[in-house]
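K.L.:
Shown below is the structure under consideration.
The values are calculated or read from the model by the stated rules, or taken from the named source; none is laboratory data. Everything quoted here is computed from the prediction, not taken from an experiment. So basically every Cβ, Gly included, is an ideal-geometry build from the backbone, and we count neighbours across all protein chains shown.
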């Protein structure tokens, strides 16, 4: 059997390699089971010569396709290992696709190429080990692993509160108010 996306050839019967016949086959949705038929004579000895070309139907399980490796980085700082829920990340690998799941949660995609996918890390993730799984249109998957962590800014949360008041006549008034609350020049 030839797996078109990977180009891998796998023998799924014990018929001799010289045997040739028209074979009709069918895969289930995820490609893990194949059903096919070919003449009985190819399966082994046949006691009645009149039955040798009758079709036999076979069903067999196929080992799962290999999962490719990939790397995941913080898209804003690729040298950084900090990947936080709600941040923008980039997965790099080969034959990537447009379906990204992080610990089973779908990610919002911003950019896709065969070697890179840029996406938003789902904000509902809990900090800790995370599996990033990319699936392409052929069903081939690439996997990356990283540890997600909540990242805090340098401004303490109690000083980062911003109040927008409708009475400010312009944006400069709003910026002055933010500067006073944060205690630094913008």
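K.L.:
Just the residues that are outside any strand (DSSP E or B) and closer than 17 Å to residue 74 by Cβ, please, taken from the stretch 113-134. Walk me through how you get there before you give the answer.
P.N.:
Initially, the stretch 113-134 is screened for residues outside any strand (DSSP E or B), giving 113-115, 121-127.
Hits for the stretch 113-134 are 121, 122, 123, 125, 127.
K.L.:
Please tell me if residue 76 is outside the structural domain of residue 26 (by TED's automatic domain parsing) and crowded, with 16+ Cβ neighbours inside 10 Å. Before the answer, list the steps.
P.N.:
Values: outside the structural domain of residue 26 (by TED's automatic domain parsing): yes; crowded, with 16+ Cβ neighbours inside 10 Å: no.
Judged against the criteria, residue 76 is not a match.
Yes/no per residue for (1) assigned by TED's automatic domain parsing to the domain that holds residue 32; (2) without any contact (Cβ under 8 Å) to a residue 24 or more places away in the chain; (3) in contact with a strand residue (DSSP E or B) (Cβ under 8 Å, 6 or more places away or on another chain):
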residue	(1), (2), (3)
47	yes, yes, no
51	yes, yes, no
54	yes, yes, yes
72	no, no, yes
82	no, no, yes
85	no, no, yes
89	no, no, yes
92	no, no, yes
95	no, no, yes
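K.L.:
Take the residues in the stretch 132-150 that are over 15 Å from residue 69 (Cα atoms) and touching a strand residue (DSSP E or B) at 6+ places or on another chain (Cβ under 8 Å), then tell me which one is surrounded by the fewest Cβ atoms within 10 Å (Cβ to Cβ). Don't jump to the end; show me each part of the working.
P.N.:
Within the stretch 132-150, the first condition is being over 15 Å from residue 69 (Cα atoms), and the residues that meet it are 137-138, 147-150.
Add one more test, that the residue is touching a strand residue (DSSP E or B) at 6+ places or on another chain (Cβ under 8 Å), and what stays is 147-149.
Working: 147: 11, 148: 24, 149: 14.
Selected residue: 147.
K.L.:
Test residue 96 against the stated conditions and say whether it is at pLDDT 90 or above, within 30 Å of residue 28 (Cβ to Cβ) and buried (at least 18 other Cβ atoms within 10 Å of the Cβ). If you could, list the steps in order and put the result at the bottom.
P.N.:
Values: at pLDDT 90 or above: yes; within 30 Å of residue 28 (Cβ to Cβ): yes; buried (at least 18 other Cβ atoms within 10 Å of the Cβ): yes.
The answer is yes for residue 96.
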